[in-house]
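Q: After the C-alpha cells below, expect a handful of questions from me.
Any read-out appearing in this document is the output of simple, stated calculations on the displayed coordinates, not a laboratory observation. Computed from a predicted structure; not experimentally measured. For neighbour counting, all protein chains shown are included, and Cβ atoms are generated from backbone atoms with ideal geometry for every residue, glycine included.
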C-alpha cells in the first residue's frame with residue numbers, strides 16, 4: 001500500500017500533466033508568466049469624417065511570445081466640437097460704391113442699319129439730338145446696356161466661447177488592418193456599435209513595429225474604439 005507521501009507525489013504529477021495539456025490547448029508557451037493570457041488594452045477616441053479615419057495604433061512588445069485573442073469594440077458617437085461662435089453686424093455698410101455705365105443705341109424700326117452717321121448714336125445726349133434731325137427714323141427703338149461693379153464692407157463682431165456642440169453620428173464604418181480592408185469579412189460596413197468583434201486573424205503581430213487599425217466612416221462623426229489583446233508574456237524578458 002502506497003504511503004501518503006507517494007500518493008501526494010503521484011497526484012502532483014497528474015496535476016502537472018493536466019495543466020500542461022490545458023496550456024497546450026491554449027497555446028501557452030513554456031516560459032509564460034501565468035497559466036492564463038495577459039490582457040493588453042488599446043484605446044482611441046477622436047472626430048472623423050469621410051477622408052480622415054480613426055487610426056488606432058498599437059505595438060506588439062518584444063516580450064510577448066504569442067497573441068491568442070484580439071477583440072475590437074467600435075462605438076459610434078456624434079461629431080463634437082468644443083468652441084461656439086457668434087457673429088453679428090455692428091453697423092450698416094461702409095465704403096459702399098457701385099460703379100456703372102450705360103450705353104444707349106438707336107436703330108430704325110424696320111431693322112435696317114441706319115445709313116448716315118447721324119442715324120446711329122451711342123450716347124444719351126446724341127440720342128436726344130437724334131429726334132431733332134431733319135429726317136429722323138419713323139420709330140426710334142432703344143436698348144440699354146449696363147455694367148456694374150461694387151466694393152463694400154460690413155463690420156462684423158465675432159465672439160468665440162467654450163461649449164460642447166455635437167453634430168452627426170458616425171456611420172458606414174469600414175475597417176482595415178495595416179492597410180488591408182477586412183470590412184466585408186467582418187460583416188461591415190457598420191452603422192451601429194460593435195462589441196468585442198473577433199479580429200484575431202486580421203491583426204498584425206510583428207513585434208516592435210507600429211500597427212494600425214483604420215476605421216473609416218462615410219461622413220462626419222466620432223469613433224471611440226477599444227482593442228483588447230490576449231497575450232502570453234515571456235518570464236525571461238523584462239520590458
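Q: Give me the distance in nm between label points sitting 7 Å out from Cα along the Cα-to-Cβ direction at residue 10 and residue 73, one decimal.
A: It works out to 4.8 nm between the two label points.
Q: Calculate, in nm to one decimal, what residue 66 and residue 207 gain on full extension: separation in residues at 0.36 nm each, minus their alpha carbon distance. Display every interim value, and only then the final one.
A: Details: separation 141, 0.36 × 141 = 50.76 nm, distance 1.02 nm.
Extra length from residue 66 to residue 207 when fully extended: 49.7 nm.
Q: So if R0 is 45 Å, what FRET efficiency would residue 3 and residue 192 give, r being the distance between their Cβ atoms, rounded to the nearest 0.05?
A: Details: r = 64 Å, r/R0 = 1.43.
Rounded to the nearest 0.05, the efficiency is 0.10.
Q: Next question, about the same structure. Can you sort 213, 203 by how many other beta carbons sit within 10 Å, fewest first? Before the final figure, lay out each step's value.
A: Values: 213 26, 203 18.
Ordered from fewest to most neighbouring Cβ atoms within 10 Å, 213, 203 come out as 203, 213.
Q: Right, next: For a paramagnetic label modelled at 7 Å from the Cα of residue 165 toward its Cβ, which residues of the range 74-89 fall within the zone defined by backbone nitrogen distances under 15 Å?
A: Once the point is set 7 Å along Cα→Cβ of residue 165, 79-88 turn out to lie under 15 Å by backbone N, inside the range 74-89.
Q: Here is a follow-up. In what sequence do 58, 82, 232 fall when counting other Cβ within 10 Å, fewest first? Spell out each step's value before the answer.
A: Working: 58 19, 82 8, 232 24.
Ranking 58, 82, 232 by Cβ neighbours within 10 Å, fewest first, gives 82, 58, 232.
Q: Shifting gears a bit: How much length is gained on full extension from residue 45 to residue 200, taking 0.36 nm per residue of separation minus their Cα-Cα distance?
A: Details: separation 155, 0.36 × 155 = 55.80 nm, distance 2.14 nm.
The residue 45-residue 200 span can extend by a further 53.7 nm.
Q: Just rank 76, 215, fewest to most, by other beta-carbon atoms within 10 angstrom. Show your work: numbers first, answer last.
A: Values: 76 20, 215 24.
In increasing order of surrounding Cβ atoms, one gets 76, 215.
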